[in-house]
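One structure is given below, encoded as structure tokens.
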Amino acid sequence: MVKKNTCVFISGYGSNLKALIKSSRNQNFPINIRLVVSNKINAKGILYAKKNSIPYLIINTKKRNFESILLKEIKKYKISLICLAGYMKIISKKFLKDYGKKIINIHPSLLPKFKGLNTHRRALNNKEKYSGCTVHFVNSKLDSGKIILQKKVKISKNETETSLAKKILVQEHKLYPKAILKAFNV
Ligand code: GRF
């Protein structure tokens with residue numbers, strides 16, 4: 001199988017990156033993680049890149065030309081898929097157009113519900129019975145591209161934002177690899 005050269009964008013812990021690295025070790029899994037990009041210098045997830053000898057790039061999104069630096073790097077590694085995993089920056093329309101290939105994202109809610117930030121707090125405040133996570137293609141609107149796969153979790157009686165986040169994150173780690181298999185018909 002020819003694996004897709006993939007770049008994972010992170011901002012924080014990188015637990016989804018870790019799950020994707022693990023899946024990508026399987027020879028039947030369709031992606032190979034060639035590059036990790038972080039917009040935060042101290043993102044813990046960079047450790048997973050280091051540990052696994054994956055090149056990484058820290059970008060300063062305050063720099064005006066950061067997107068062109070990023071695109072150059074992405075070209076260098078012949079990246080044909082970008083996976084956003086906890087990446088806290090909006091992908092600009094220009095970047096989407098200039099990159100021109102597939103970008104997918106994981107979001108901790110049952111989209112189209114609770115796009116954007118503080119999803120767990122909003123789900124609880126809204127007295128939802130269920131929440132979950134969604135893997136979707138990225139388009140120019142926030143958390144709005146075509147849904148690939150979702151996983152529902154039940155919200156318990158005494159659920160807190162922290163307990164819900166934890167519960168959903170466990171599912172995210174399973175859902176992201178599954179969604180990649182589905183997206184690429186494996
Ligand atoms: C996940 O809940 C993801 O859905 C959201 O941010 C969190 C990132 O977690 N977008 P991690 O950095 O992968 O541990």
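The values are calculated or read from the model by the stated rules, or taken from the named source; none is laboratory data. Quantities reported herein were computed from a predicted structural model and do not represent experimental measurements. Note that we place each Cβ from the backbone using ideal geometry, even for glycine, and neighbour counts take in every protein chain shown. These accessible areas exclude ligands, DNA and RNA; they are computed on the full protein's heavy atoms, side chains included. Shrake-Rupley method; radii C 1.70, N 1.55, O 1.52, S 1.80 Å.
The table that follows gives values for the structure above.
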| item | result |
| --- | --- |
| Pairs with Cβ under 8 Å, 6+ apart, first in segment 160-171 and open to solvent by 40 Å² or more (accessible area, probe 1.4 Å), second assigned to a loop (DSSP other than H, G, I, E, B) and within 11 Å of the ligand (Cβ to nearest atom) | LEU169/PRO108 |
| Residues of segment 47-58 satisfying the condition of being under 19 Å from the mean Cα position of the chain (by Cα) and more than 16 Å from the ligand (Cβ to nearest atom) | PRO55, LEU57 |
| Qualifying residues in segment 126-144 (those that are within 15 Å of the ligand (Cβ to nearest atom) and over 13 Å from the mean Cα position of the chain (by Cα)) - the one farthest from ALA183 (Cα to Cα) | SER131 |
| Enumeration of residues in segment 148-159 that are open to solvent by 50 Å² or more (accessible area, probe 1.4 Å) and away from the ligand (no atom under 14 Å from the Cβ) | LYS152, LYS154, SER156, LYS157, ASN158 |
| Single match in ALA123, ALA85 (criterion: more than 28 Å from ILE54 (Cβ to Cβ), within 15 Å of the ligand (Cβ to nearest atom) and touching a Phe, Trp or Tyr at 6+ places or on another chain (Cβ under 8 Å)) | ALA123 |
| Unmet requirement for ILE41, which otherwise passes all of (1) within 16 Å of the ligand (Cβ to nearest atom); (2) modelled with pLDDT of 95 or more | (2) |
| Residue in segment 33-49 that is in a strand (DSSP E or B) and open to solvent by 10 Å² or more (accessible area, probe 1.4 Å) present | yes |
| Pairs, first at positive phi and surrounded by fewer than 16 Cβ atoms within 10 Å (Cβ to Cβ) in segment 96-120, second assigned to a strand (DSSP E or B) and of a type in the set (Val, Ile, Thr), C-beta under 9 Å, six or more apart | none |
| Test: residue in segment 90-100 that is within 16 Å of the ligand (Cβ to nearest atom) and at pLDDT below 95 | yes |
| Number of positions in segment 1-32 that are open to solvent by less than 90 Å² (accessible area, probe 1.4 Å) and either within 10 Å of the ligand (Cβ to nearest atom) or part of a loop (DSSP other than H, G, I, E, B) (or both) | 14 |
| TYR56 crowded, with 16+ Cβ neighbours inside 10 Å, of a type in the set (Phe, Trp, Tyr) and farther than 22 Å from LEU96 by Cα | no |
| Unmet criterion (only one of (1) closer than 28 Å to ILE168 by Cα; (2) open to solvent by less than 50 Å² (accessible area, probe 1.4 Å); (3) without any contact (Cβ under 8 Å) to a residue 40 or more places away in the chain) for GLU73 | (1) |
